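Input: a single structure, listed below in C-alpha cells.
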Amino acid sequence: MSLFAKKQSFLGIDIGADGIKLVELHKTKGRPQLWTYGIAHQKMDIHIAKTEKTPEDLLAEKHISLDDQKKKNEKKMEVDDPRITEYAKVLKDLMKQAKVTTKLVTASLPVSHIFHTVVTLPTVDQKEVNHHIEAKVKKLISRPLDEVQLISQKIPESKEEEKKYLKYLVTAAPRDLVTFYTAIFQKAGLQLEELETEAFALERSLVGRDSAVSMVVDIGAERTNFFIIDKGIPVTQRSIQMAGNDIDGVLNRYLQLDPESAKQVKHDMTYMKNAQIPASIFSDVLDPIVKEIKYSFDLYLHQTGNENKRPEKIILTGGAAIFPAIADYIQKTTSTKVFVGDPWARTVYQQGLKSVLDQLGPRMAVAIGLAMRNIV
C-alpha cells in the first residue's frame, strides 16, 4: 500500500504553447508533498480565433437567451474544434504515464489572453463597487463585458489609506477561452475545480510568504511574462512575444546551425560548468525583456500608494530562465538582484530526486503553484 493512500491529492496542469506540464501534490501534515509529475513536449495552438458573425447569426441570437447562446457556443466548440480531442488525448496519455491518482484539477489560463489591471476607486459604498469596476473596465478592454468572465479582488491597504481610496485587482478572461480549456479537461475525464491566471500560481510557488516586493519574469518558449508581486498579490501583469525560441534563433544564425542543433547547443551551454557565454550576442532578445522590466517597474511606481516603493528582486522562471547569460545581463542592466527561482522550495520530496527536479524546476513553476492552491 502507498504511504500516500489516505492523503488529499491536488493536481495542477499547465497547458502552454510548448506542451503540457502536470504536478500532483499530496497534503501531508499541512505541507505539499510531491507525488508525481510529467511533461508532454508538443507544439500546441492555444489561441482562440475571433470569428466574424454574419447578419443571419446576429438575427438568430436576438431570439435566444444569453445562457442558451453560451450552451450553443460550448456545444459548437466541442464538435468543431479538433484541438480539444487532440489535446485531451495528450493529457490522458501523460496522466497515465505519470500514474496520476486524482481527477480533481486546477489549471491555468495563458497570460497573453488575460486582461489584468489594478483599479483605484474613491471610498464608495460596497454595493456600488461592482458598478464602478465594470464602468472602468469597459473603457479599457476591446471585448464587450458579456464576452468576458470578470473577477475582482480587493487589495488590502492600511485603514488610513482606505479612507482615501479603494484598490481592486481586476482580471477579465474571454468566455470562449474558458470554454475551450474546460472542454479539454472534460474530454480528458477530469473534474476542473478552478481556472486561474498563471500569476497567482507563480506567486504561490516562487514567492510565498516573502513580504518583499518582487518581480517574477517567466521566460517560456514563445512569450515572456512579467508580474510584480506586492503583499502576495500580482499587481502588474505584462507579456511580450520574445522568449526561448528567439535565443535558439540567435544560436541558429550565429553558429549557422539547424534548429534542432541550436536547441542542443543551448542545452549544453546551460549545463556546462563555468561556461563563459557573451551576453552581447543575445542583446536583440534580452534588450526587449529588460525594456519591459523597466516599464513594469515604472507602471507599478505610478500606481496610487506605490510612489516610494521599488521591487527588491527579480525572480526568473520558465524553460529558458536557466540559460546563464540571461540572469547576468538583466542584473547588470537593471541594477536589481536577479536569481532563478526554485518552485520546489516549499514542497517536500525525496532528496534523491533533487538533481532532476532542479533542472525541471523553472518549467514546472506554474503547475506546482496550481497544485498548491488548496494546500497553502
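Miscellaneous remarks
Every residue, every condition in (1) outside the structural domain of Met364 (by TED's automatic domain parsing); (2) assigned to a loop (DSSP other than H, G, I, E, B); (3) out of contact with any helix residue (DSSP H, G or I) (no Cβ under 6 Å at 6 or more places or on another chain), yes or no:
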{"site": "Ile277", "(1), (2), (3)": "yes, yes, no"}
{"site": "Lys294", "(1), (2), (3)": "yes, no, yes"}
{"site": "Phe297", "(1), (2), (3)": "yes, no, yes"}
{"site": "Tyr300", "(1), (2), (3)": "yes, no, yes"}
{"site": "Arg310", "(1), (2), (3)": "yes, yes, yes"}
{"site": "Gly319", "(1), (2), (3)": "yes, yes, no"}
{"site": "Ile322", "(1), (2), (3)": "yes, yes, no"}
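- Residue match in the stretch 123-130 (condition: more than 30 Å from Phe10 (Cβ to Cβ) and buried (at least 16 other Cβ atoms within 10 Å of the Cβ)): yes
- Matching option when the condition is outside the structural domain of Ile20 (by TED's automatic domain parsing) and either within 30 Å of Ala17 (Cα to Cα) or touching a strand residue (DSSP E or B) at 6+ places or on another chain (Cβ under 7 Å) (or both), among Lys163, Lys154: Lys154
- Among the residues of the stretch 328-348, the ones that are within 30 Å of Thr36 (Cβ to Cβ), of a type outside the set (Val, Ile, Thr) and over 17 Å from the mean Cα position of the chain (by Cα) come to 3 in all.
- Whenever a residue of the stretch 290-307 is among the basic types (Lys, Arg), its partners that are modelled with pLDDT of 90 or more, lying with C-beta atoms within less than 8 angstrom and at least six residues away or across chains, give the pairs Lys294/Thr334.
- Restricting Ala212, Ala201 to residues that are among the hydrophobic types (A, V, I, L, M, F, W, C) and either part of a helix (DSSP H, G or I) or in contact with a strand residue (DSSP E or B) (Cβ under 6 Å, 6 or more places away or on another chain) (or both) narrows the list to Ala201.
- Taken over the stretch 169-181, the criterion of being in a strand (DSSP E or B), crowded, with 20+ Cβ neighbours inside 10 Å and not aliphatic (A, V, I, L, M) is satisfied by Thr171 alone.
- Residue in the stretch 205-226 that is hydrophobic (A, V, I, L, M, F, W, C), more than 17 Å from the chain's Cα centre (by Cα) and either at pLDDT 95 or above or within 22 Å of Tyr295 (Cα to Cα) (or both) present: yes
- Taking (1) farther than 28 Å from Arg373 by Cα; (2) at pLDDT 90 or above; (3) loosely packed, with under 15 Cβ neighbours inside 10 Å in turn, Ala345 satisfies each apart from (1).
- Residue match in the stretch 125-145 (condition: among the β-branched types (Val, Ile, Thr), within 28 Å of Ile375 (Cβ to Cβ) and either assigned to a helix (DSSP H, G or I) or in contact with a Phe, Trp or Tyr (Cβ under 8 Å, 6 or more places away or on another chain) (or both)): no
- Filtered by the rule that a residue be among the hydrophobic types (A, V, I, L, M, F, W, C), in a helix (DSSP H, G or I) and more than 16 Å from Ala199 (Cβ to Cβ), the stretch 330-370 gives Ile330, Leu353, Val356, Leu357, Leu360, Met364.
- Checking Thr304 against (1) surrounded by 12 or more Cβ atoms within 10 Å (Cβ to Cβ); (2) assigned to a helix (DSSP H, G or I); (3) polar (S, T, N, Q); (4) modelled with pLDDT under 90, the condition it does not meet: (2)
- Residue match in the stretch 77-89 (condition: under 16 Å from Ile184 (Cβ atoms), exposed (fewer than 13 other Cβ atoms within 10 Å of the Cβ), at pLDDT below 90 and in the same structural domain as Arg363 (by TED's automatic domain parsing)): yes
- Scope the stretch 90-122; condition surrounded by 14 or more Cβ atoms within 10 Å (Cβ to Cβ), at pLDDT 95 or above and in a helix (DSSP H, G or I); matching residues: Val90, Leu91, Lys92, Asp93, Leu94, Met95, Ala98
- Output for the stretch 246-278, where each listed residue is basic (Lys, Arg) and farther than 20 Å from Val340 by Cβ: Arg253
The values are calculated or read from the model by the stated rules, or taken from the named source; none is laboratory data. From a predicted model like this one, the values you see are computed outputs, not experimental measurements. All Cβ positions, glycine included, derive from the backbone under ideal geometry; neighbour counts span all protein chains shown.
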